[in-house]
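Step one of this worksheet: look at the structure below.
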Number of protein chains: 2
Amino acid sequence: MDLNIRKLAQLAGTSYSTVSRALNDSPLVKETTKRRIQELAQQLGYHVDFSAKSLATGMRMIVGLVYPFHSLRPYESVYTSQAIGRMRHALAQHGLDALVAGYGSSDRAEDDITRLIRQKKVDGLIIFGYEVSEEQIESLRALGSPFLLINPSPTTAAELCHQIRIDHELGGYLAGERLIRAGRRRLLSVTEVGQQFQVRAQGFQRAVEETETGATGPIHRETLTLQNGLFATAYDAIARNLKWVSGFDGVFVQSDISSIGVLNCLLDHGVSVPRDISVIGYDDIEWAQYTRPALTTIHQPVQEVAQLATEGIVSMITGDQSELFAKQLQPILVDRESC
Amino acid sequence: MDLNIRKLAQLAGTSYSTVSRALNDSPLVKETTKRRIQELAQQLGYHVDFSAKSLATGMRMIVGLVYPFHSLRPYESVYTSQAIGRMRHALAQHGLDALVAGYGSSDRAEDDITRLIRQKKVDGLIIFGYEVSEEQIESLRALGSPFLLINPSPTTAAELCHQIRIDHELGGYLAGERLIRAGRRRLLSVTEVGQQFQVRAQGFQRAVEETETGATGPIHRETLTLQNGLFATAYDAIARNLKWVSGFDGVFVQSDISSIGVLNCLLDHGVSVPRDISVIGYDDIEWAQYTRPALTTIHQPVQEVAQLATEGIVSMITGDQSELFAKQLQPILVDRESC
DNA sequence: CTCCAAAATACAACCGGTTGCAAAATACAA
DNA sequence: TTGTATTTTGCAACCGGTTGTATTTTGGAG
């Protein structure tokens, strides 16, 4: 029952190397022979054993998708799961499979991130990089396998790695600009710990400063930092400081999930959004459309990122990509009802 | 630079078979030698090549997670992505990696579902099975590799495959019972196309009938069928039939996403929930907590399913599992504000 | 009909591991 | 010291493919 290439060759009446070449569509095999063998293989339901093929060719036909693992949120975030779904699909078009893995978990001796390469389980990695360390990057570079970072933290060896960034400074700017345009002058910036959030805050700051130097009067601005990106964390933080928060008329929350926590907390306590306070989020996850009022937010181009990342890693694996792959995409303001 | 087991043996001053045994912790190797070799490997950053190991042992150390692919919703649903995240984590505890794949896509000549087995890329499959066909199951069984179905459609060869089911009949019953308990007597059941939804409708029906034979008066009940599980589809369907829908005082919607579509549509048109109409959903996705009013819904035990599925597939792969693996889990009513 | 170049096929080595079995090394008793 | 039982180690075959090169077959010209 167990079919291998030599048995197939016997059945086809040729040598196994001819079968191998026929299945790989080599020009060295006569057209008629090729077709005959391919049909026989089809008919018998034969498929190459990928372990063997991998061993011989060095190609695994698998790409690893690696994202940070949080013990607080042990499943993928809405953002990454969308991206993973799209990447899986895009990779399939190239005959590649997607293996998912995590990093940053404390209960694993070693990160999946280098293990997958060392074990040669994958041809390349797409890494959701906002939490990779310099050391991890360095050891990855030392291994020499293709990898591509999505939104690495701003300090990581930017010029040295293939990467796709989103211009979060611009995103923060757009958010600030939107609040100010809505006539808001007492602004609260709700941020989270992590370098990627600082960049957004900087953009936000720039929007404020630009306006202040203009005709408008001074703008009041304060910051609240959350420990993580959970709904409950945001909700509780606002609830605890409700009086203080009520003093503001515009809030920029640096992730949609937290935004919805803020939004719900305000609504639950009788604060009207957007009449009393405008709220603007960040990410444009699917659920931002479904809140009432629907959330005005900064859209991250997930689909484009997934598409670009896939094309990038594919060309790196096939070797078409020699020079540095580095793209920057722009977020977009999505105007809904909360501003 | 490229390290293999023979080079490592040279460096260690032993034969390569001893190295292989040492790394696999075989009792045939002296403790001191074993330790010496392991330390050397560690120090040199050596990892076995998994393609080679797979070829020799027949173990891929990869499990495929396969879910239905919808062109309408090309990324994973909230439900599957949660499950995938948890399974990935649980599999990692056993040293297994997770490969994600889809089935039912029209743009692939063959489904990933049997390809992965044929190519021997995975040791086993966990299949989100509500849309697998009999033929697919049959050809999978013919291949002889371990696979486990999660929530297969009720008609599929239930007794023949390893599987985990959720008692959706009970789920539907709980939903109906809850609406009736809230005093609702004119009930609308919003369902979707697909066999798994019929079972929920049957449970709902049972709740209605049980009550009718009791002391309570007759209960009016009608059905609305949606073409798919998108938010917009549900929203539009309600909007188109707003007048008709207003005649009901209780709505059971068979997925949370659709529920939220229904809920938003009602709220947007000035219908008060739960005062005028009670709404109950199904799934208990994360976002059900964040709607206002928060959605009363039927909780699917995703975490338990993921845990069980992982343990099941692992024991099947290691061969510990000989008899049929078949579990049924019970959904739970989660009472929030929409009833 | 013969010869030779070009096309098609077959052989063998290799990819990097695992493992059964034979050989060598060690331990212990006589 | 020798013999034997027990560990420990090493050789060689194998897993199922790919691919360089030698060999055979084919076709066309002379």
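The values are calculated or read from the model by the stated rules, or taken from the named source; none is laboratory data. Values in this document were obtained by computation on a predicted structure and should not be read as measured data. Virtual Cβ from ideal backbone geometry, glycine too; neighbours counted across all protein chains shown.
Given the conditions (1) basic (Lys, Arg); (2) more than 31 Å from the chain's Cα centre (by Cα); (3) assigned to a helix (DSSP H, G or I), and given that B:Arg206 satisfies all but one, which numbered condition is not satisfied?
Among (1) basic (Lys, Arg); (2) more than 31 Å from the chain's Cα centre (by Cα); (3) assigned to a helix (DSSP H, G or I), B:Arg206 violates only (2).
What residue, among those in the range A:61-86 that are within 7 Å of chain B (Cβ to nearest Cβ) and either surrounded by fewer than 18 Cβ atoms within 10 Å (Cβ to Cβ) or assigned to a loop (DSSP other than H, G, I, E, B) (or both), is modelled with the highest pLDDT?
A:Glu76
Name the single residue, out of those in the range A:35-52 being charged (D, E, K, R) and more than 14 Å from chain B (Cβ to nearest Cβ), that is nearest to DNA strand D (Cβ to nearest atom).
A:Arg36
When the residues of the range A:245-269 are narrowed to those that are surrounded by fewer than 20 Cβ atoms within 10 Å (Cβ to Cβ) and under 21 Å from A:Ile180 (Cβ atoms), which ends up farthest from the other protein chains (Cβ to nearest Cβ)?
Residue satisfying both the conditions and the ranking: A:Gly247.
Listed here are the residues, each with its yes/no results for (1) closer than 13 Å to B:Tyr103 by Cα; (2) in contact (Cβ under 8 Å) with a residue 40 or more places away in the chain; (3) within 16 Å of DNA strand C (Cβ to nearest atom).
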site	(1), (2), (3)
B:Ile127	yes, yes, no
B:Leu149	no, no, no
B:Pro152	no, no, no
B:Thr155	no, yes, no
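I need the full set of residues from the range B:32-63 which are farther than 19 Å from A:Leu143 by Cα and charged (D, E, K, R), in order please.
B:Lys34, B:Arg35, B:Arg36, B:Glu39, B:Lys53, B:Arg60
Can you confirm whether B:Ser278 is away from chain A (no Cβ under 13 Å) and among the small types (Gly, Ala, Ser)? Steps first, answer last, please.
Details: away from chain A (no Cβ under 13 Å): yes; among the small types (Gly, Ala, Ser): yes.
Yes; evaluated as a whole, the condition is true for this residue.
Looking at B:Val19 and the list (1) at positive phi; (2) within 9 Å of DNA strand C (Cβ to nearest atom); (3) surrounded by 18 or more Cβ atoms within 10 Å (Cβ to Cβ), which single condition is not satisfied?
(1)
I'm trying to understand the selection: among the residues of the range B:30-61, which are farther than 30 Å from B:Met316 by Cα and either in contact with a Cys (Cβ under 8 Å, 6 or more places away or on another chain) or among the aliphatic types (A, V, I, L, M) (or both)?
B:Ile37, B:Leu40, B:Ala41, B:Leu44
Across the range B:217-241, which residue is surrounded by the most Cβ atoms within 10 Å (Cβ to Cβ) among those that are in a strand (DSSP E or B) and aliphatic (A, V, I, L, M)?
B:Leu226
Quickly run through the range B:1-13 and pick out the residues that are more than 9 Å from DNA strand C (Cβ to nearest atom) and touching a residue at least 12 places away in the same chain (Cβ under 8 Å).
Once the filter is applied, which keeps residues that are more than 9 Å from DNA strand C (Cβ to nearest atom) and touching a residue at least 12 places away in the same chain (Cβ under 8 Å), the range B:1-13 yields B:Leu11, B:Ala12.
Which of the following residues is in a strand (DSSP E or B) and in contact (Cβ under 8 Å) with a residue 24 or more places away in the chain: B:Gln303, B:Gln328?
The conditions single out B:Gln328.
Evaluate the following for B:Trp244: is it under 25 Å from the mean Cα position of the chain (by Cα), in a helix (DSSP H, G or I), aromatic (Phe, Trp, Tyr) and on the phi < 0 side of the Ramachandran plot?
Taking the combined requirement at face value, the residue does not satisfy it.
Rundown of residues vs (1) more than 10 Å from DNA strand D (Cβ to nearest atom); (2) in contact (Cβ under 8 Å) with a residue 12 or more places away in the chain, yes/no style:
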residue	(1), (2)
A:Ser15	no, no
A:Ala22	no, yes
A:Ser26	no, no
A:Lys30	no, no
A:Thr33	yes, yes
A:Thr57	no, no
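I'm checking my understanding of the structure. Among residues of the range A:152-184 that are within 19 Å of A:Leu329 (Cβ to Cβ) and modelled with pLDDT under 90, which one is surrounded by the fewest Cβ atoms within 10 Å (Cβ to Cβ)?
Checked the range A:152-184; the qualifying residue surrounded by the fewest Cβ atoms within 10 Å (Cβ to Cβ) is A:Glu159.
Out of everything in the range A:1-13 that is assigned to a helix (DSSP H, G or I) and within 12 Å of A:Tyr46 (Cβ to Cβ), what residue ends up being nearest to DNA strand D (Cβ to nearest atom)?
Here the answer is A:Ile5.
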